[in-house]
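Participant: Below you'll find the structure I mean.
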Amino acid sequence: MIRRRDFLSLTAGSTLAAGCRTPGRTARRDRPNVLVILADDLGYGDLSCYGAADVRTPHIDALMRAGQRFTRFRSNCCVCAPTRAALLTGRYPEFVGVPGVIRTYDKQNWGCLLPGCLMLPEVFRSNGWATALIGKWHLGLEQGSLPNERGFTRFRGFLGDMMDDYWTHLRHGVNYMRRDRETIEPEGHATDLFTGWAQEEIVRADEAGEPFFLYLAYNAPHAPVQPPEAWLARARKRLGDTVSEKRVRMAAFVEHLDDGVGRVLQTVKERGLGRETVIVFSSDNGGDLRHGSSNGAWRSGKTHMYEGGVTVPASFTWEGRIAPGLIEQDMVTMDILPTLMELCGIPLPAGLDGQTYARLLTGGAPDAAQRPVFHMWREGFTTEAMRYGDWKLVRDRDTLPWELYNLRSDPGETRDLAAANPEKLRELRQVMEAHMTRAYAVPWTRPVK
């Protein structure tokens, strides 16, 4: 475990931080703003820049064209909370107490974020950035696990796992909408609320002369699929009966999300912050096929460890520093933390599971070593996968046999090579099972009240 207190104390005194404590834009330029936008259950095939012919996403497309778009970016898990833990800690989520979905009731809960783990917003706050979370938290509902206790100075959004309704914002009849620790009852569609609040946060930080770290975590397009009526009518008129009604609703939902992202990006542009802001966009897992999402050519979707469950849209954009292009190298959600830290000049701590890709993004050679990458989900059962080079080991449920695929020759995972390659299967299983043994030793249940 990274010694959180020692690391924060060390980095807070860095030259980079010390040189920028004077308010005002001139001083702030030495430290870029950071905007991380995370969609919820957005499939690889739900954006037009990834091949969707029935969805129009001009704003996200433009963002990705302006930076480096990834074709082989994977989420740490095939469900929400573990990937969010990986994003904010740079660790495998099962090593920080989040092997599964954090939920309201203990009998359905499969995670509790460890109190001592280092968090990305804490790193940025200790180095002088204003830190804010707008949108979905999903990493704890109780004291000790709340956003303001884990590095975010400001929080406006939703604590829970999903909304039962995008207009009432309730979950199990409980209101989890908060402004910091205060329960609030805002009116409007959640996507529009989060968009407006993010715009306000950008303006507030800019007027204060503060570099900001803003994590904008939308609930959309997670079920229930509830696009505003105007957006649904527009999608129906355009698509007619060329696709299913389920797909029409999802298209409208994603297009509404894209409009929100566009409004946030317009605020960055209007404030003249384009060259001062690193923007990351991704999704927490693959699209949910049950609700009309598409994962393109990849097999399966959310809740499964095949490529459709973990291969997600992703990009890094920084005007003037990251040239437009396409990256076909593998990267995973937990790599975002060390990559952002290096881009921002913050020393990397020991003990991270993620690797930095900052040099690759800024035009240098890849500096990350090849490594096995593990994907786990615990929910009463376990679901596991491991990529190592061209090989992928999968056990989609712990009651099923292990499967083996070569992603170079068979990216669609159509030919199970386990029987034909017993030695390779045995070799990879040993590595995967050693990782699982470590994971099982990490506590993940909530403290007894």
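The values are calculated or read from the model by the stated rules, or taken from the named source; none is laboratory data. Remember, predicted model here, so these are calculated numbers, not experimental data. Cβ: placed from backbone, ideal geometry, glycine included. Neighbour counts: every protein chain shown.
Participant: Select, from THR317, THR339, the only residue that is crowded, with 22+ Cβ neighbours inside 10 Å, touching a residue at least 12 places away in the same chain (Cβ under 8 Å) and closer than 20 Å to TYR50 by Cα.
Facilitator: THR317
Participant: Across the range 412-446, what is the total count of residues that are part of a helix (DSSP H, G or I), within 30 Å of the chain's Cα centre (by Cα) and not polar (S, T, N, Q)?
Facilitator: So the answer is 11.
Participant: Can I ask one more? What pairs can you find where one residue is in the range 267-283 and free of Cβ contacts under 8 Å to residues at least 12 places away in the same chain, the other is of a type in the set (Lys, Arg) and part of a helix (DSSP H, G or I), and their Cβ atoms are less than 9 Å apart, with a gap of 6+ or different chains?
Facilitator: From the range 267-283, the pairs are GLY272/ARG25.
Participant: Go through (1) surrounded by 12 or more Cβ atoms within 10 Å (Cβ to Cβ); (2) within 22 Å of ARG91 (Cβ to Cβ) for THR437 and report which single condition fails.
Facilitator: For THR437, the failing item is (1).
Participant: Got at least one residue in the range 358-381 being among the polar types (S, T, N, Q), touching a helix residue (DSSP H, G or I) at 6+ places or on another chain (Cβ under 8 Å) and over 21 Å from TRP298 (Cα atoms)?
Facilitator: Yes, there is a match, as at least one residue in the range 358-381 is among the polar types (S, T, N, Q), touching a helix residue (DSSP H, G or I) at 6+ places or on another chain (Cβ under 8 Å) and over 21 Å from TRP298 (Cα atoms).
Participant: Output the residues belonging to the range 364-413 that are among the acidic types (Asp, Glu) and in contact with a strand residue (DSSP E or B) (Cβ under 9 Å, 6 or more places away or on another chain).
Facilitator: Correct list: GLU384, ASP390, ASP396, ASP398, GLU403, GLU413.
Participant: Could you list, in sequence order, all residues of the range 383-413 that are buried (at least 17 other Cβ atoms within 10 Å of the Cβ) and among the basic types (Lys, Arg)?
Facilitator: ARG387, LYS392, ARG395
Participant: Specify which of the listed residues (THR242, THR267) is of a type in the set (Ser, Thr, Tyr), at pLDDT 95 or above and more than 23 Å from the chain's Cα centre (by Cα).
Facilitator: Result of the check over THR242, THR267: THR242.
Participant: Continuing with the same structure: With the requirement that a residue be surrounded by 20 or more Cβ atoms within 10 Å (Cβ to Cβ) and either more than 21 Å from PRO121 (Cβ to Cβ) or not charged (D, E, K, R) (or both), what does the range 342-354 give you?
Facilitator: Across the range 342-354, the qualifying residues are LEU343, CYS344, ILE346, PRO349, GLY354.
Participant: Moving to a separate point now. Restricting to the range 329-344, name every residue that is touching a Lys or Arg at 6+ places or on another chain (Cβ under 6 Å) and over 14 Å from VAL280 (Cα atoms).
Facilitator: Across the range 329-344, the qualifying residue is only ASP330.
Participant: Based on this model, can you work out whether GLY173 counts as crowded, with 20+ Cβ neighbours inside 10 Å and either free of Cβ contacts under 8 Å to residues at least 24 places away in the same chain or in contact with a Gly (Cβ under 8 Å, 6 or more places away or on another chain) (or both)?
Facilitator: When the stated conditions are applied, GLY173 does not pass them.
Participant: Specify which of the listed residues (ASP206, ASP241) is without any contact (Cβ under 8 Å) to a residue 24 or more places away in the chain, more than 24 Å from LEU139 (Cβ to Cβ) and out of contact with any strand residue (DSSP E or B) (no Cβ under 7 Å at 6 or more places or on another chain).
Facilitator: ASP241
Participant: So, one more: I'd like to know if the range 200-211 contains one or more residues that are at pLDDT 95 or above and closer than 18 Å to PHE158 by Cβ.
Facilitator: Among the residues of the range 200-211, at least one is at pLDDT 95 or above and closer than 18 Å to PHE158 by Cβ, which makes the answer yes.
Participant: Let me ask you something else. Answer yes or no: is there a residue in the range 121-144 that is in contact with a His (Cβ under 7 Å, 6 or more places away or on another chain) and not in a helix (DSSP H, G or I).
Facilitator: Checking the range 121-144: not a single residue is in contact with a His (Cβ under 7 Å, 6 or more places away or on another chain) and not in a helix (DSSP H, G or I).
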